[in-house]
Structure formats: C-alpha cells, structure tokens
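Participant: Dumping the structure here so I can ask a few things about it.
What follows draws every value from the coordinates through simple rules; no lab data is involved. This one's a predicted model, so the numbers in the text were calculated from it and none came from an experiment. Cβ placement follows ideal geometry from the backbone for every residue including glycine, while neighbour counts extend to all protein chains displayed.
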Amino acid sequence: MKIFVLSTVATATSLLCFAAIAQTSPAAASAAPIDPTTFVNQFEATGGKFAGYRRSGAKGICAAGEFVATADAKALSTASVFSGKAVPVVVRFSVGGGNPNAPDNAKSQRNLSLQFNLPDGERWMMGNISAPVFGSSTPQQLMAGLIARQPDPVTKAADPAKVKAFVDANPETLLQGKHYASQPVPASYGGVNYWGVHAHAFVNASGAKQFGKWIFEPVGGLQGLTDDEAKAKGANFLFDELRQRVKDGKLAFNFNLELAQAGDKLDNATVPLPEGRKKVNLGVLKVTSVSEDGGGPCLTTNYNPMVMPKGVEASSDPMLAARAAPYAVSLGRRLGEGAKQQ
Ligand code: HEM
C-alpha cells in the first residue's frame, strides 16, 4: 500500500495512521468538544470498519517486559514507577491505522503502547508513536481532517479538492507524515524510536514540576530497510522478527526525557521541543516475552494515556485529554464484537 503524504491526498487508511489532517472551515476549528461516539464513528467512516479490532493501531501484538528506573528518574518524580525496582509492563506493538491488514513494509506509523503495573494497583498507560509529532494539534482539527478524507460513496475515494483545501489551511498536519516519508521502513519493532509527543509534568519530593517530552530509543540503535529490502520482506514480517529478537534477549529501550525550558511550547503535539534540550535517561525497558498471535493480555485492555501514576501529570495539551473517551468507546465496541487483533 502506498502510504502517505507528501502529496495532499492520502488514502483513508493512511490518514488514520498518523491522524494527520485538518479542515478548511474556520468553524470546524472551533473549540466545541467532540462527542467520543461521533469521533469513533468518523474513524470508521473514513478508515473503514473492522469488527473486533482497535479503531486505530489495529494490527498489533502483545508482549511483556520490565522496567527499571535510574536514580535520575527518582530525583525528577516521586512516581512509584521510578523506585528503581523492576516493574512489570504489558507491552503492545502495532502498525498505525484501523486496518488489521496494514502492511509492515510501508513508510508508516509504528506504535509502542505500555501499561506499567505498579504497587497497590496503580497503573501508568501510554501509547507512543514512531514520529516526534502528531498530525493534529486539537481534537477539532483531527475530526475535521477525518471528515475531509472520508471517501465519497460513489467514487470510494476522498475528494482531492477537500483534502487539498484542508491541508492548505492546516499545513502543520503534514509534519507527521513528512517524518515517515523521510525515514526508512523500520526493520523491526525494536529498531525505531517511539515518542510520547505530549508534554507531561514530573513532580519531585519537594513538589517541583519539571515538564518534558519522552522518547523510547532502542538500546541496539535504529534499523531501517532499503526500499528493495522492504519490498522483499513483504507485508508481514514484524511479528516473527520481534519473536526472534526477544528470544535472543536483544530487545530493550532507553526511556529518555527531554527537559523543557521556560517558554517551550507544551500544549501542542505537532510541535517538538527545540533541538538540543537536555535529555535524561529515566531507565531501561526490556521486552522479555511475546504472546501468541491474536491473543495475550493487551487484547482486551486499552492504553488510555490519562491513566498516570501519582508524580506524573498531564500538560494542558488538548489532544492528550481528548484521547481518553474515544479509546473507551473503541474498547467497548471491540469487546462487544469479540476482541481481535492480528
Ligand atoms: C483526539 C485524538 C485522538 C483520538 C480520537 C484517537 C483515537 C484512537 C482510538 C479510537 C484508538 C483505539 C483505542 C482502543 O481500541 O483501545 C487509538 C489508539 C492509539 N492511538 Fe490514538 N487517538 C488520538 C490521539 C492520539 C495521539 C496524539 C497519539 C500519539 C501518541 C495516539 C496514538 C495512539 C496509539 C499508539 C494507539 C494504539 C494503542 C494500543 O496499542 O492499544 N493517538 N487512538
């Protein structure tokens, strides 16, 4: 499948991968909250409906791992995840978009979702993506972009004029796709960086707040495929590659935090922190096992990024808070349909 996006016309599926896009009408950019059911309906209308699957990140696999924090992390935040003791993590790797048959050999989004199971039933959930920015700065812009890309019932394709008008009016929505287009196809789920894209506050024992944006960087470095290699690999190689890498004991990520400074933009997922910000290693996440295809503990959970431990707090980024309810609607639908993944 041709993914993305230097062109102004993306397929509906690719659109949902990086959820780029926006819309032309100024009214569409109003701050009126978007009903979560309407949001998920629009994901289906634009990207297709695949019963039982996540409405985004549909093609995925569960894994398990453990996280051990550094002393630097403990100094930044009182969160129990940073105690320095091993914390079990429910991991999920996926390809962006709502299509469970999305190809592994396209220049598209990969996801790393994590649920840290902390003492006393506390949890930390997050869904990270393989780009430093997201494709929309507000839920309204995301919704407007989905509407602009909805296939016409007759032609079964998006109207190029609507898409062009949208991206012309919302050029920042193309940045995420430009990142994927500039990178090789990842050779492995363990060979690419994953960014949190939202700012969070880390609160220490004296109550001081340090804002930052995090990145999971593979300890073994980045690994990409040439276009010929990607073609030869075919559409389904990432699950087997992951199993082999974990069997060899070679899958780990550094959990790093870029520290924000006064004046940095903290409320916009389309804007990374400026280059050169100090980076602190919060610890290492090791992936230790991979579940069978189609099953495992991540199948019936969701990675609601508003579930945070005491000691880590959300920024005012409107995209962060807006994720919780549509994720719950998607989870409810897929559980009702019979949860699946592949
Ligand atoms: C208002 C904005 C957003 C909406 C409406 C939305 C919608 C969704 C939905 C419906 C799901 C499937 C949830 C499930 O069934 O469990 C999902 C999954 C996901 N989204 Fe978003 N999303 C939004 C913003 C973002 C942003 C900013 C990121 C960037 C980090 C992101 C990354 C992910 C990832 C990584 C997954 C896969 C989670 C998993 O493995 O279960 N989303 N999204």
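Participant: Where in region 193-214 is the amide nitrogen less than 18 Å from a point lying 7 Å along the Cα-to-Cβ axis of Lys278?
Facilitator: Those under the cut-off are 200-214.
Participant: Tell me, what ³J(HN,Hα) does each residue in region 84-95 have, in order and in whole Hz, if you take phi through Karplus 6.51 cos²θ - 1.76 cosθ + 1.60 with θ = phi - 60° and put x for Gly and Pro?
Facilitator: Computed from phi, the couplings for region 84-95 are x, 8, 5, 10, x, 10, 8, 9, 9, 9, 8, 9 Hz.
Participant: Which of Phe134, Phe237 comes first, and how do the rest follow, when ranked by fewest Cβ neighbours within 10 Å?
Facilitator: Ordered by Cβ neighbours within 10 Å, fewest first: Phe237, Phe134.
Participant: Now for a different question. So if I take the centroid of the Cα atoms in region 296-342 and the same for region 71-136, what is the distance between those two points in Å?
Facilitator: A separation of 12 Å, based on Cα centres.
Participant: At 7 Å along Cα-to-Cβ for each site, give me the label-to-label distance between Thr288 and Lys310 in nm.
Facilitator: Once both label points are built, they end up 2.7 nm from each other.
Participant: A follow-up question, please. Which order, highest average first, do 111-123, 55-67 follow once you tally other Cβ atoms within 10 Å for each residue and take the mean per peptide?
Facilitator: 55-67, 111-123
Participant: Right, here's the next one. Given a Förster distance of 41 angstrom, what is the FRET efficiency for Ala71 paired with Asp152, based on the Cβ-Cβ distance and rounded to 0.05?
Facilitator: Taking R0 as 41 Å, the efficiency between Ala71 and Asp152 is 0.10.
Participant: Using the count of nearby Cβ atoms within 10 Å as a rough guide to exposure, how do Arg245, Arg92 rank from fewest to most?
Facilitator: Fewest-to-most Cβ neighbours within 10 Å comes out as Arg245, Arg92.
Participant: Could you tell me what fraction of 2.2 N^0.38 Å the Cα radius of gyration of the chain comes to, as a two-decimal ratio?
Facilitator: Normalised by 2.2 N^0.38 Å, the Cα Rg of the chain equals 0.94.
Participant: Pulled fully out, how much extra length does the chain show between Leu222 and Ala235, if you take 0.36 nm times their separation in residues and subtract their Cα-Cα distance?
Facilitator: Going from the current span to full extension adds 2.7 nm.
Participant: What list of ³J(HN,Hα) values in whole Hz, one per residue of region 177-193 in order, does the Karplus curve 6.51 cos²θ - 1.76 cosθ + 1.60 (θ = phi - 60°) give from phi, with Gly and Pro shown as x?
Facilitator: Running phi through 6.51 cos²θ - 1.76 cosθ + 1.60 with θ = phi - 60° gives x, 4, 4, 4, 5, 8, 10, x, 5, x, 6, 7, 4, x, x, 9, 7 Hz.
Participant: Once you have the Kirkwood Rh of region 127-207 from its Cα pairs, apply Stokes-Einstein at 4 °C and 1.567 mPa s and quote D in µm²/s.
Facilitator: Translational D for this selection: 85 µm²/s.
Participant: Taking 0.36 nm per residue of separation and subtracting the Cα-Cα distance, what length does fully extending Ala31 through Ala181 add?
Facilitator: So the extension gain works out to 50.9 nm.
Participant: Provide the packing ranking of 174-182, 217-225, i.e. peptides ordered by the mean count of other C-beta atoms within 10 Å per residue, highest first.
Facilitator: 174-182, 217-225
Participant: Output wanted: per-residue J couplings in Hz (rounded whole) for region 117-130, from phi through Karplus 6.51 cos²θ - 1.76 cosθ + 1.60, θ = phi - 60°, x for Gly and Pro.
Facilitator: Each residue's phi maps through the Karplus curve to give 8, 9, x, 6, x, 6, 9, 10, 10, 7, x, 10, 10, 8 Hz.
Participant: Skipping prolines and chain starts, which residues have an amide H placed within reach, meaning under 5 Å, of the one on Asp159, given they are 5 or more residues away or on another chain?
Facilitator: Result for Asp159 returns Asp152.
Participant: Rounded to the nearest 20 debye, what is the charge dipole size of the chain about its Cα centre when +1 sits on each Lys and Arg Cβ and -1 on each Asp and Glu Cβ?
Facilitator: That gives the chain a dipole magnitude of about 240 debye.
Participant: Moving on to the next point. Would you calculate, for the chain, the mean residue ellipticity at 222 nm contributed by helices, counting each DSSP H stretch of 4 or more residues as -39,500 (n - 2.57) and dividing by all residues, to the nearest 500?
Facilitator: Roughly -7500 deg cm²/dmol at 222 nm, from the helical runs in the chain.
Participant: Oh, and also: If you take every residue apart from Asn170 with its C-beta less than 15 Å away from the C-beta of Asn170, what net charge results, scoring Lys and Arg +1 and Asp and Glu -1?
Facilitator: Once all neighbours under 15 Å are counted, the net charge is +2.
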